[in-house]
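The structure appears right after this line, and notes come after that.
The values are calculated or read from the model by the stated rules, or taken from the named source; none is laboratory data. The structure displayed is predicted, hence computed values, not measured ones. No Cβ is skipped: glycine too gets one built from the backbone with ideal geometry, and neighbour counts run over all protein chains shown. Only protein heavy atoms, including side chains, enter the accessible area calculation; ligands, DNA and RNA are left aside. Shrake-Rupley method; radii C 1.70, N 1.55, O 1.52, S 1.80 Å.
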Amino acid sequence: MIKVAPSILSADYINLQKSIEAVDQAGAEVLHIDVMDGLFVPAISYGPAWVKAIRPITQMELDCHLMIENPERYVDTFADNGADLIGVHVEATPHIHRALQMIKNKGVKAEVVINPGTPVSLIEPVLYLIDQVLVMTVNPGFGGQKFIPETISKIKQLNQLRNENEDYDFTIEIDGGVNNQTVVKPYEAGADVAVAGSYVFGAENPAERVQAIKKATDF
């Protein structure tokens, strides 16, 4: 059964605590926090102060996905404000190894992220270092997009690499266009965690949507 990571990008910001508590009680294991700077992606979202505010109200793992240029500038701040996992895009920095080392040095789980058009080969040199790979299954920056099925081959490739190399100990997360139907093939391919934004928080009953994703992968 896949772990579910609701993305607060699609949540009701006025009633954010209630939204978070609803998915927490529904069995979601991870809370996905999309950080966007208006440069790496067109949109702007929120910063480390949100992580600090959210940290006391949930025991879910706080997964901070930094869609920002030169993310190493903010690694320490997000870690100090309560992030459990910090994800950085390989496309966003010329120093991906340094950025991931910085995360690990803060005692936080390190995640490398790849866009739909980025090959797995680009992150192979750092797979030994990381705790998680995030495969973007839509182009980053906006919620409500359709799942890109061609990304499933990258999940299969990553799953094969970790099965063949005893030095690799990473999980695989998917993000974008996830619902109770699109999640099935990525799960079969080896995905361990599914980020879901509009499918969960865009529903009248977000808790039911969390359970629907879990039920779809209960095999």
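Numbers for the structure displayed
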item: Carbon and sulfur %, accessible surface of the range 60-99 computed with the full protein complex present, 1.4 Å; result: 43
item: Whole-percent carbon and sulfur share, accessible surface of the range 145-219, 1.4 Å; result: 41
item: Cα-based shape type of the range 146-219, given that a ≥ b ≥ c are square roots of the gyration tensor eigenvalues and the cut on a/c is 1.5; result: prolate
item: Where chymotrypsin sites (Phe, Trp or Tyr not before Pro) fall in DSSP loop in the range 72-135, at most 13 other Cβ within 10 Å; result: 128
item: Mean accessible surface per residue for the range 93-168, computed with a 1.4 Å probe while every protein chain stays in place, in Å²; result: 50
item: Ranked packing of 82-93, 23-34, most packed first, by mean Cβ within 10 Å; result: 82-93, 23-34
item: Per residue value of the accessible surface for the range 1-74 (all protein chains in place, 1.4 Å probe), Å²; result: 44
item: P(r) histogram, all alpha-carbon pairs of the chain included - 10 Å bins from 0, percent; result: 9, 37, 39, 14, 0
item: In order through the range 178-194: 3J(HN,Hα) via Karplus (6.51 cos²θ - 1.76 cosθ + 1.60), integer Hz, x for Gly, Pro; result: 7, 8, 6, 9, 5, 6, 5, 5, x, 5, 4, 7, x, 5, 9, 9, 10
item: Sorted peptide list for 207-214, 129-136, 115-122, 149-156, criterion being average Cβ within 10 angstrom, highest first; result: 129-136, 207-214, 149-156, 115-122
